[in-house]
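Okay, so here's the structure we're looking at.
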Amino acid sequence: MPVSPSARCNASLACLDGGSPNPKLDMSSTHQPTVRLETPGLARRMASFLYEGVLLFGIVVVVALFYAGLTDQRHALRGQTGLQVSLFIVLGVYFVGFWTRGGQTLAMKTWHIRVVGCDGSPVTWQRAMARYLAAWMWFLPALLSVERAQLRSAWPVFAALFAGALVYALLTRLHPDRQFLHDVLCGTRLVTWRPQRPAKSGG
């Protein structure tokens, strides 16, 4: 009998949480609603990705303004390392916080996507942290290429980041369940998540 990709993932990565493999979901659990391990389409995931970028732009601007005021930064090229570290920490708190409290950021809620463990269980903070770090694979190869080529103009940098993200997204075609590489490595997965409507009482 063939084993589903989610069951294989759960069995191979259960040791990360110190538990035993359990391909079956506990549908009666009071800590989580019923989860259907249905992978969202790539187009919907990319739409959520782009919407997330729009939301994060506002966060980045607020953090940058706060940092400039706090450090009395008068030149954009000064204090960049401190600003980058601050943004890295703030974004980590944003993602890890949302992923461990419901499994959805604001953009993911809009597009009915949720991040869960391989077996549909809620994401632990350890896996959420690992996922945040691993998710930088979206941009790291392109950023390294930009640095090596010493690109400084905005459009070449943007083109490199776009091309890198597109290639990374297309790598899902190599996975049997169409999951992103960082999810495969961290023992997590993206699923379609639509809130259940309360049943209408008869009368």
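Annotations
- Qualifying residue in region 168-177 (condition: at positive phi, in contact (Cβ under 8 Å) with a residue 40 or more places away in the chain and in contact with a Lys or Arg (Cβ under 8 Å, 6 or more places away or on another chain)): no
- Test: residue in region 105-125 that is within 14 Å of the chain's Cα centre (by Cα) and more than 25 Å from Gly41 (Cα to Cα): yes
- Residues of region 20-41 classified as open to solvent by 50 Å² or more (accessible area, probe 1.4 Å) and at pLDDT 50 or above, total: 3
- Taking residues in region 146-164 that are in contact (Cβ under 8 Å) with a residue 24 or more places away in the chain, and partners anywhere that are surrounded by 10 or more Cβ atoms within 10 Å (Cβ to Cβ), the pairs with Cβ atoms closer than 9 Å and at least 6 places apart or on different chains are Gly164/Trp138; Gly164/Phe139; Gly164/Leu140; Gly164/Pro141; Gly164/Ala142; Gly164/Leu143; Gly164/Ser145.
- Exactly one residue out of Ala142, Ala154, Ala199, Ala169 is more than 12 Å from the chain's Cα centre (by Cα) and at pLDDT 95 or above: that is Ala169.
- Only one of the numbered conditions (1) surrounded by 13 or more Cβ atoms within 10 Å (Cβ to Cβ); (2) modelled with pLDDT of 95 or more; (3) within 27 Å of Ala163 (Cβ to Cβ) is not met by Ala64, and that is (2).
- At least 1 residues being crowded, with 16+ Cβ neighbours inside 10 Å and in contact with a His (Cβ under 7 Å, 6 or more places away or on another chain) is the threshold, and among the helices (runs of 4 or more DSSP H) wholly inside region 87-203 those reaching it are 125-134, 181-186.
The values are calculated or read from the model by the stated rules, or taken from the named source; none is laboratory data. No experiment lies behind these values; they were computed from the predicted model shown. So basically every Cβ, Gly included, is an ideal-geometry build from the backbone, and we count neighbours across all protein chains shown. Note: areas computed on protein heavy atoms with side chains; ligands, DNA, RNA excluded. Shrake-Rupley method; radii C 1.70, N 1.55, O 1.52, S 1.80 Å.
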